Amino acid sequence: MPDRNSLTPFSSSIETMPFVPMSNFPSDRFVAPRSPVGVACSHRSIGLSPHVSSLRSWATSLVVIAMFAACSPPPRPILGKNQAESPAETLLDRQVETEVEGVEQSQPFTQPWETWQAYYIGGRHVGYSHVSVKPQSDSSDSLVSVTIEDQLAIRRGPSTVIQRLDQTSLETRDGELVSFEAELRVGPALTRYSGTVDGDKLNVVTTRGTKKSSQSVPWQSSYRGPAALQQSLLSNPIDRGQERRLRSLLPIRFDVATLELDCRHLASIAMPDGTIRKAREVEVAMKIENSTPINTVLWTDDKGNVIKTLTPALDLAAFESTREAATEGIVASEDILSATAVEIEGSLEKPQETKAAMFRITQRSGAKNTSEKLAFAAHPGQWVKRDEAGAYEIFVSRDAAATPPVGFQSPNLLPTNQDSRSGPLVDSAHSLVKQLADTAIAKKNEQAQLALELARSTHSLIRKKNYTSGFVPASEVARAGEGDCTAHAVLLAAMLRARGIPSRVAIGLVYVPTESKPRMAYHMWTLAYINDQWLHFDATLPGGAAPADRIVLITNSLDSGNEYESLAPVLGTIGQYNIQVTQAETAVLEP
């Protein structure tokens, strides 16, 4: 892998992708360009099993959120896979004590500004970001228009997917959000969002095709829009020895995050053109309710311009740039699954027959968790214990009568109305979903067997593995007969509900045997509530039952229609932990 400071575009033997202006997108559909020449197909080169290759779509969704969270890098000392700190990216002074500012109430608009940044993953120029802020008119009380464009070319196995976000928000000159409109494209999938502040609520409408869903986000006048971090730094540059807090809306997730900024260092930063720039290093802890913090880092000049952000765990860097440099010479990244998978110690002899397993998870050197919230919690079929040193012991079992070891926390998840009703993604009331669900046959009162048959039916229905679709409603998956692990999980959840069985999706890490060293990779599967307990099913597997080869990070009913709200726990683990398999037991799995 190229050194992270040698960030020039690869040679012309790799086909580059042109800048794609918004006007070039059809209003209803966009087909991603073909994969660039010379990029390896990771699921073949590292020997992944077929069902695991569908994880790439899930990993790509992580990059979508990572872009919008100041690139979501972990703290500066964590420099990614086997990377030492570059001599050109060194501290120029010692850490200093900081003075704490309260929550910043406003980031007043003073003059128009715009920024261009170039995205790199593993040395490849994979995309760009453009932010433009200007008043609607010359009137002193006119609203301010904030335009955000983000585009990346991401490799998913044999496919190349173009991800693009276009968002425009209107704000007052004091930085108060008034309204916004956004479009997110992940390959051919298009999702539109709009939002309006109404007193103490932000009302958000999500549109996929002809389907709409709505949600209300609690709102305060002190909350700021998605460009609040940059606006704050430009209007009042942070200096060494200062801390700052602000509340900002996250694009796509539409949660309000608390951003805690801490500037303690000066550093020298190597830029893609070979120059070295002195900068102020700012650590940012992004805290979202009910999620572990996402620790980020960025570098600014003395005027508050962000000149670099970094995500070592993904080899993702963003550099201050010009329009020409940011939009030219774009190529697809290497397979995103390889970037997000975690190498582990120990192994599972027969992963798909694992009935019980014990995992030990330790925080990597230099990582930090500024919250008391557990990064790994108890979930159905998963018990957790955390020792005084902060290490986690996780016991996973598929035995309904399993007794957890002494001192482990037990799960306590009961079904809700959202787990049974039709929704924007899990549209169990759709006629096609109901028709397909009704074809599964099981004896009366044998819901576990019925759920297993539905899982096997889902596996058969999705005939083609498609890594370019992202999240789509279950009915569309059923109609197209293609998709990835998210498609399998959502369709199975919908068919379960259509047969009267409460369901949720589980998001977490699954064991991946490779030709070299095993890994844990991000995955999605399905939970069904049967006989007063949650059972695990994985429709990407022919047998349908989900073995104990995985760790749950979060479960979700997907009732809101916003799948990205589940990604914070995943982002909080990338590059932060080491995983070891300490015990395992195999058996023929039954529901």
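Here are a few things to note about the model shown:
- Pairs where the first residue, in the range 529-542, is farther than 15 Å from Asp419 by Cα and the second is among the β-branched types (Val, Ile, Thr) and part of a strand (DSSP E or B), C-beta under 9 Å, 6+ apart: Phe537/Thr526; Asp538/Val510; Asp538/Thr526; Ala539/Thr526
- Residues satisfying the stated conditions in the range 212-236, i.e. of a type outside the set (A, V, I, L, M), open to solvent by 40 Å² or more (accessible area, probe 1.4 Å) and either within 20 Å of Ser129 (Cα to Cα) or assigned to a loop (DSSP other than H, G, I, E, B) (or both): Gln220, Ser221, Gln230, Asn236
- Residues of the range 520-559 classified as part of a loop (DSSP other than H, G, I, E, B), polar (S, T, N, Q) and open to solvent by less than 10 Å² (accessible area, probe 1.4 Å), total: 1
- Which listed residue is surrounded by fewer than 18 Cβ atoms within 10 Å (Cβ to Cβ), in contact with a Ser or Thr (Cβ under 7 Å, 6 or more places away or on another chain) and in contact (Cβ under 8 Å) with a residue 24 or more places away in the chain, from Gly195, Gly241: Gly241
- Screening Leu190 with (1) assigned to a strand (DSSP E or B); (2) open to solvent by less than 20 Å² (accessible area, probe 1.4 Å); (3) touching a residue at least 60 places away in the same chain (Cβ under 8 Å) gives one miss only, at (2).
- Checklist (1) part of a strand (DSSP E or B); (2) touching a Leu at 6+ places or on another chain (Cβ under 7 Å); (3) of a type in the set (Val, Ile, Thr) applied to Val146, failing item: (2)
- Residue check for Gln107: at pLDDT below 90, open to solvent by less than 10 Å² (accessible area, probe 1.4 Å) and assigned to a loop (DSSP other than H, G, I, E, B): yes
- Among the candidates Thr115, Thr160, the residue that is in contact with a strand residue (DSSP E or B) (Cβ under 7 Å, 6 or more places away or on another chain), in contact (Cβ under 8 Å) with a residue 60 or more places away in the chain and under 25 Å from Arg244 (Cβ atoms) is uniquely Thr115.
- Some residue of the range 246-263 being modelled with pLDDT of 90 or more and assigned to a loop (DSSP other than H, G, I, E, B): no
The values are calculated or read from the model by the stated rules, or taken from the named source; none is laboratory data. Note that this is a predicted model, so its numbers are computed, not measured. When we count neighbours, we look across all protein chains shown, and the Cβ atoms used for this are built from the backbone with ideal geometry, even at glycine. Ligands, DNA and RNA are excluded from the accessible area calculation, which covers all protein heavy atoms including side chains. Shrake-Rupley method; radii C 1.70, N 1.55, O 1.52, S 1.80 Å.
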